[in-house]
Amino acid sequence: MKTTINIFAKALIFLFFIGIWSCNDFLDETDKSNFTLENYFTRPEHATSVVNSIYESLRPITQSGFNGGPWMMLEFATGLADTELGQAQNSLFVRSLINNSDNAYGQTYWTTHYRGIANANLAIAKIPEIEMDNSTQNRLLGEARFLRAYFYYTLVRIFGEIPLITTPIDLSSPEMYPDPAPIAEIYAQIVEDLTTAETLGLPFKETTGRVSMGAVKSMLASVYMTMAGHPLQAGSQYFQLAAEKSQEVIQAGEFGLFNSYGSLHTVEDKNQGEHIFMAQFAAFIMPSSWQVSIVPYNRGVSAYNDETGGIFANADFVRSFEEGDKRAAEKEFFYTEYSMRSDRTTIMQLGDYYIYKLFDEEAQLETTSSGLNWMIYRYAEVLLTYAEAANEAFGPTAEAYEAVNQVRRRAELPDLEGLSQEQLREAIWKERWVELCYENKTWYDMVRLRKAYNVLENRFEDYVGHQFSYGPTVTERELLFPIPTAEVRNNSKLTQNPGY
């Protein structure tokens, strides 16, 4: 666990503090330019800077190139993604269900998310000590609470029992080699952070990309619905809580579905409309890098030099979409043809379904640098969470129908009606599979439901024993990812997940 330990102990030093040990042996006078944990947190600007550092940990999982990208781990694990990138062994291991604990994708999740947690712990501990405007102080604490909850929510679903650390640590801390915490305890902390954040005066909508009350409630609804499912199976009351939280977002009227799917991947629309919370990027300053992965391998489509074919949609999945579903139409969620860099009047048939909902056309054709944000929570997910949770808690109510049908109407599909609770349940699941595909959502749904969608037979079946359309069969070990080898090796208190 040495990787995590170093992060906890040094992350903020690297981010903020310069020259901690300089000159002390040679000068009696203290160098006022040196920052330490003891003297740094004295001004409002310091509070903002530490919270800004937490946001940074949202970005690394999206980094992509000729070795693939960590975000692809959750997509290949669904059996609904394909690749042309033969050298991306981390992707191939997950896709073939022969993953192991040396996979760098899992290490990136662990390392970057614990870095975010370490910075959040520092912010939550130190910001209350700073004399500053109370409303600004509360807002920053609310952001830190949300982000810590988000990182733990990701980690507990991916790895299961993990260390739960909520205070800053240093080299003398007893938590240097922490015990893993029970999953229920981790979820309790996530809920505590989010419900505390709800009390701290965040704006309901935030177009700057910072955390909003809408983001807090959207995530809390997701957490409650996950708690109702596996592995906790905490009870039907959590479906009711999920319905209540998502309904609060709906009734606030601050968010709405885009009229066009194109707005999902238009730079001008980021942090607007349907987008509730996103990881932030800026062209030529902090550009996003997944564009190289969603274009066909060296076909001359993009103005980029790199075209890796790192990930594209499983064709059987797209063909399983309901007849007339607009999301399957050309250049809605996917593209199967495109003009050539050498001659934009020439259209090439690509032969597969590439992911258009993540495609920055301006960057691909003109600027070569993408400022597209990464989607984390959007309004369509809130509607589908409400529909599912309300149906589970109260049956097929008019409100549950209306929520899912809003998503279907944009897809130009007929309204659902007259279904039993079980029929509506699976119809809503199918909408989640389609609407949220390739946004790092589907694998989480598969695990909490213990269900997988059989794309060849158009039906849901048990997750364990589910066979991907291209061959591999899911076993119980795929309910979790392996804890990275380096973490288990360096912390004897950690136990590797079963099967790895």
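The values are calculated or read from the model by the stated rules, or taken from the named source; none is laboratory data. No experiment lies behind these values; they were computed from the predicted model shown. Cβ coordinates were reconstructed from backbone atoms using ideal geometry, including for glycine residues, and neighbour counts include every protein chain displayed.
Data table
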item	result
The listed residue being out of contact with any strand residue (DSSP E or B) (no Cβ under 8 Å at 6 or more places or on another chain) and crowded, with 23+ Cβ neighbours inside 10 Å, out of Ser91, Ser57, Ser49	Ser57
Residue check for Arg410: modelled with pLDDT of 95 or more, basic (Lys, Arg) and touching an Asp or Glu at 6+ places or on another chain (Cβ under 6 Å)	no
Residue within the range 476-488 that is surrounded by fewer than 13 Cβ atoms within 10 Å (Cβ to Cβ), outside the structural domain of Tyr177 (by TED's automatic domain parsing), more than 27 Å from Ala398 (Cα to Cα) and touching a residue at least 24 places away in the same chain (Cβ under 8 Å) present	no
Index of the failed condition, Arg145 passing every other in (1) modelled with pLDDT under 95; (2) surrounded by 23 or more Cβ atoms within 10 Å (Cβ to Cβ); (3) charged (D, E, K, R)	(1)
Residue within the range 389-401 that is buried (at least 18 other Cβ atoms within 10 Å of the Cβ) and either assigned to a strand (DSSP E or B) or acidic (Asp, Glu) (or both) present	yes
Criterion (of a type in the set (Val, Ile, Thr), in contact with a Ser or Thr (Cβ under 7 Å, 6 or more places away or on another chain), at pLDDT 95 or above and outside any loop (DSSP other than H, G, I, E, B)) met by exactly one of Thr136, Thr111	Thr111
Index of the failed condition, Pro168 passing every other in (1) assigned to a loop (DSSP other than H, G, I, E, B); (2) at pLDDT 95 or above; (3) within 24 Å of Leu58 (Cβ to Cβ)	(2)
Hey, Leu232 assigned to a helix (DSSP H, G or I), under 30 Å from Ile183 (Cβ atoms) and of a type outside the set (D, E, K, R) or not	no
Close pairs from the range 139-156: first farther than 18 Å from Tyr444 by Cβ, partner modelled with pLDDT of 95 or more and basic (Lys, Arg), Cβ under 7 Å, at least 6 apart	Glu143/Arg210
Qualifying residue in the range 300-315 (condition: of a type outside the set (Asp, Glu), surrounded by fewer than 20 Cβ atoms within 10 Å (Cβ to Cβ) and modelled with pLDDT of 95 or more)	yes
Residue in the range 473-480 that is part of a loop (DSSP other than H, G, I, E, B), under 30 Å from Leu164 (Cα atoms) and either among the aromatic types (Phe, Trp, Tyr) or modelled with pLDDT under 95 (or both) present	no
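Every residue, every condition in (1) touching a His at 6+ places or on another chain (Cβ under 8 Å); (2) among the charged types (D, E, K, R); (3) modelled with pLDDT of 95 or more, yes or no:
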{"residue": "Phe321", "(1), (2), (3)": "no, no, yes"}
{"residue": "Asp343", "(1), (2), (3)": "no, yes, no"}
{"residue": "Gln349", "(1), (2), (3)": "no, no, yes"}
{"residue": "Leu358", "(1), (2), (3)": "yes, no, yes"}
{"residue": "Ser370", "(1), (2), (3)": "no, no, yes"}
{"residue": "Val382", "(1), (2), (3)": "no, no, yes"}
{"residue": "Asn391", "(1), (2), (3)": "no, no, yes"}
{"residue": "Thr397", "(1), (2), (3)": "no, no, yes"}
